[in-house]
Amino acid sequence: MQLRCLVIGGDGTIGRSLRQSLMRAGHSVMSTTRRQESASAGNLYLDLEAPHCNFPDLEVAIFCAGISGFVESRISPALADQVNVKAPAQIAASLTDRGTRVIRLSSSAVFSCVSPRVRSVDEPVAPKSTYGKVQARSEQTILGLGPLACVVRLTKVVSPPFPVINAWMEALGDGNMIDAFMDHGVSPVSLDGAVASIQAVAEHGGSGIFQVSGRHDISYLDLAYWLVGKLGLPRERVIPVLAASRGMLAEEITPYTSMDTARLTALTRFVPEDPLAVFETVLGPEIESFRRQLDLKGGQAGWPGCPPSISND
């Protein structure tokens, strides 16, 4: 069945890929942009700081826009509240009043992320960070709109480029060591996996909360060890560090982000991916290309060197 869809935030990584995927599936898709020069009949101008936009009749609208970073949300909490909570609530209320289903993307950061157990959709939220608190408020306002409202929570979505790995490879290529957080981690999903899950929820219907997650958690230290192994370099090139020692705030350190995906699996047959398999699938070709460059430089790339300070978030 063809759906009339709206992707709010079609300029972003997820929004752009979702729009393309929906179109390939034969759906009628419009999107929004915050860049006036990019606006067109099928790509409507919408600024969430001051939202004014007239939408045509739609069957489903997917909110992909907003502030998605811990630091940005902490530095500009009022802006984060406006674009992540108030504006989506205003737009979603208008859409549901007209019979449009709304899907709001959210984050595993609505949980505390400090204990090693998988979190279900029914577990009460307990955010620590400003970003997590903003997302929790957004979820509450959207779900309060009733059976036409849905939230899709995501763990870390991996797509190229992935800044941490790119920074590590640059440092390793210069002959330096890299530091990696042993107490801060991810439970990644690929961009393709995230988009397929969101699209399935849009196509199959359903209200309430769905969660998209990797199979389990890995630390950035695990990821760094995996990277140097792929590059044929010794593990000694990696320095294990605590996140706080590099200035990361306690409330933004997330050792455990994995979530239960049973409800999504029941609807779409989603199978959580192994974390390192996600990075292999998404970044493997880029890493292999860099490995060949190291081989040409003699493999060890000037080892040993001085450890740089690189953020793992």
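Would you mind checking the tilt of helix 130-143 against the longest principal axis of the Cα atoms of the chain, expressed as 0 to 90 degrees and rounded to 10? With both axes taken from Cα atoms, the answer is about 30 degrees. Between ASP295, ASP217, ASP260, the residue with the greatest mean-square fluctuation in the GNM of the chain (Cα pairs under 10 Å linked by springs) is ASP295. Which one, (i) 37; (ii) 26; (iii) 17, gives percent of Cα pairs over 34 Å apart as derived from the coordinates shown? Calculated percent of Cα pairs over 34 Å apart: the matching label is (ii). The angle between the Cα long axis of helix 163-173 and the longest principal axis of the Cα atoms of the chain comes to about 20 degrees, rounded to the nearest 10. Taking the 0 to 90 degree range and rounding to the nearest ten, how far is the long axis of helix 13-24 tilted relative to the main principal axis of the chain, both from C-alpha atoms? Relative to the chain, helix 13-24 is tipped by roughly 60 degrees.
Please work out whether region 1-90 counts as rounded, prolate or oblate from its C-alpha gyration tensor, where a ≥ b ≥ c are the square roots of the eigenvalues and a/c under 1.5 means rounded, while otherwise a/b larger than b/c means prolate and anything else oblate? Show your work: numbers first, answer last.
Details: a/c = 2.03, a/b = 1.75, b/c = 1.16.
Prolate shape, in that a/c is at least 1.5 and a/b is the bigger ratio.
Once you have a ≥ b ≥ c as the square roots of the Cα gyration tensor eigenvalues for region 195-281, tell me rounded if a/c is under 1.5, and otherwise prolate or oblate according to whether a/b is larger than b/c. Because a/c hits 1.5 or more and a/b fails to exceed b/c, region 195-281 counts as oblate. Taking each DSSP H run with n ≥ 4 as -39500 (n - 2.57) and averaging over every residue of the chain yields -11000 deg cm²/dmol at 222 nm.
Can you give me the relative contact order of the chain as a percent, contacts being Cα pairs under 8 Å and 6 or more apart?
Numbers: 611 pairs, mean separation 57.2, N = 313.
Computed over the chain, the figure is 18 percent.
Counting only DSSP beta bridges whose two residues both lie in the chain, roughly 10 percent are antiparallel. When peptides 179-191, 79-91 are sorted by average Cβ neighbour count within 10 Å, with the highest value leading, the order is 179-191, 79-91.
Under 21 Å Cα-Cα from LYS133, which lysines qualify once same-chain neighbours fewer than 8 residues away are excluded? Reachable lysines: LYS86, LYS156.
Read-outs: derived from the displayed coordinates by stated rules, not from any lab. All of these numbers come straight from a predicted model, not from anything done at the bench. When we count neighbours, we look across all protein chains shown, and the Cβ atoms used for this are built from the backbone with ideal geometry, even at glycine.
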